[in-house]
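Reviewing the structure listed below.
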Amino acid sequence: MNTVTALKPTAPDEPEAAEAPAKGGRSKKKLLGILIIVLALVGGVGYWFVLKPGGSEEPKPGEIMSLESTQINLASGHYLKIGLALQLTEGAGELDGSKALDDTIELFSGLPVAQVSRPASRHALKKKLVKALSESYDGDVMGVYFTEFVTQ
């Protein structure tokens, strides 16, 4: 009589079973390493934007540059005679005033006389003018003074 013996799985299956935990261990280590790198980057970015010393300091005032007065047409046949002095930042050098006059004319032209006459409106217009001049002169202008302001 022939005896039949059942074959038992041998060594080839066991290495696969042994490799599975090793791969899982490697992926956990990779994940942990990536997590540490991401946290370090987030911490660095947070420091850069929140705790960074220095940064945006207020510019220091320099010379004051006076411009000749000009007349600007307002709405309904009225006009504004306006004179300006520009507060330059320290080290700004000499600037051409024609950009300032152009920005002023652009801002005030066509406005109703009531709007330019009210102190609150005039203050808001001055802030807009300072912003426009700062952009036109690449930050060399930090303030504006009205040396003449006559409406008719």
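Couple of notes before you dig in:
- Residue 62 being at pLDDT 80 or above and either outside any helix (DSSP H, G or I) or surrounded by 13 or more Cβ atoms within 10 Å (Cβ to Cβ) (or both): yes
- Of the residues making up region 70-88, those that are crowded, with 17+ Cβ neighbours inside 10 Å and over 16 Å from residue 99 (Cβ atoms) number 2.
- The number of residues in region 89-121 being touching a residue at least 40 places away in the same chain (Cβ under 8 Å) and either surrounded by 12 or more Cβ atoms within 10 Å (Cβ to Cβ) or farther than 18 Å from residue 138 by Cβ (or both) comes to 5.
- Restricted to helices (runs of 4 or more DSSP H) entirely inside region 79-152, those with at least 1 residues that are under 19 Å from residue 68 (Cα atoms) are 98-108, 119-136.
The values are calculated or read from the model by the stated rules, or taken from the named source; none is laboratory data. Quick caveat, the model's predicted, so the values are computed rather than measured. Because the Cβ atoms are built from the backbone with ideal geometry, glycine has one as well, and the counts that use them run over all protein chains shown.
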